[in-house]
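The values are calculated or read from the model by the stated rules, or taken from the named source; none is laboratory data. As the structure is a computational prediction, the values presented were derived from the model and not from experiment. Positions of Cβ are backbone-derived with ideal geometry, glycine not excepted, and every protein chain shown enters the neighbour counts.
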């Protein structure tokens, strides 16, 4: 999940603080804003910020959040465009553009420690990956992946965003399985919340939780819990599937033909039943 790869707490704090100020609520805490990244905004209003329990009011606040998110995101993109143009005029600028290894990473989008290296190890082991987020649409997700240089790990056909219209984590995970052409029980979800781990299990996927937002005791529903990507190895992940068979299912073929009496279809009609 995108939340396990990229920390957008700085941008989210700015947005939620403006929302709280407009509606007259207390400013959110940093920890709450970090957790709000992982749930729908109206749910964050009710279950994380505890601003209101009214469904209609929480949705109104959520709409304001999305409007401000678009404004802040546009400002960030404009700033990065100016920064890119300035760097393009520098003789020492890496010629690979925004995807180069020395590119600036905006403070609003911080890649989780060890994520690049872990994704590279998976690629070397020929393990296909898909990125999933419900927070951003296609345009925003593509931009963020380019800003953070994560785009090289996720081709466009292996990205699930809010534009796909999936309803809940379970459907998003199944959509990701389709994109990497793997059965759900052959997939593992890397996430950071107990809810995501439960959603993965609902569709028979394995779950690996990173302790970026929650302590270990709150992530016990996951199959594996690690502090950082640096604590993982491909072998560790494969061990989660020790009970899964990867052999193709054998299809039984009929030998010979059926007797004539078995080919006939018997229908129940009044008075036509006969004892064998």
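Looking at the range 172-238, what strands (runs of 3 or more DSSP E) fall wholly within it and have at least 2 residues that are under 22 Å from residue 160 (Cβ atoms), touching a helix residue (DSSP H, G or I) at 6+ places or on another chain (Cβ under 8 Å) and in contact (Cβ under 8 Å) with a residue 24 or more places away in the chain? Please lay out each step first, then the result.
Working: elements: 188-191, 206-210, 224-226.
Qualifying strands (runs of 3 or more DSSP E): 188-191, 206-210.
Are any of the residues in the range 240-249 surrounded by 16 or more Cβ atoms within 10 Å (Cβ to Cβ) and either assigned to a helix (DSSP H, G or I) or in contact (Cβ under 8 Å) with a residue 40 or more places away in the chain (or both)? I'd like the intermediate steps shown before the answer.
Quick first cut of the range 240-249, residues surrounded by 16 or more Cβ atoms within 10 Å (Cβ to Cβ) only: none.
No, that holds for no residue.
Mind telling me which of the residues 172, 204, 191, 253 ends up being surrounded by fewer than 19 Cβ atoms within 10 Å (Cβ to Cβ) and either within 14 Å of the chain's Cα centre (by Cα) or modelled with pLDDT of 90 or more (or both)?
204
Hey, can you tell me all the residues within the range 1-36 that are under 14 Å from residue 72 (Cβ atoms) and within 17 Å of the chain's Cα centre (by Cα)?
Hits for the range 1-36 are 8, 9.
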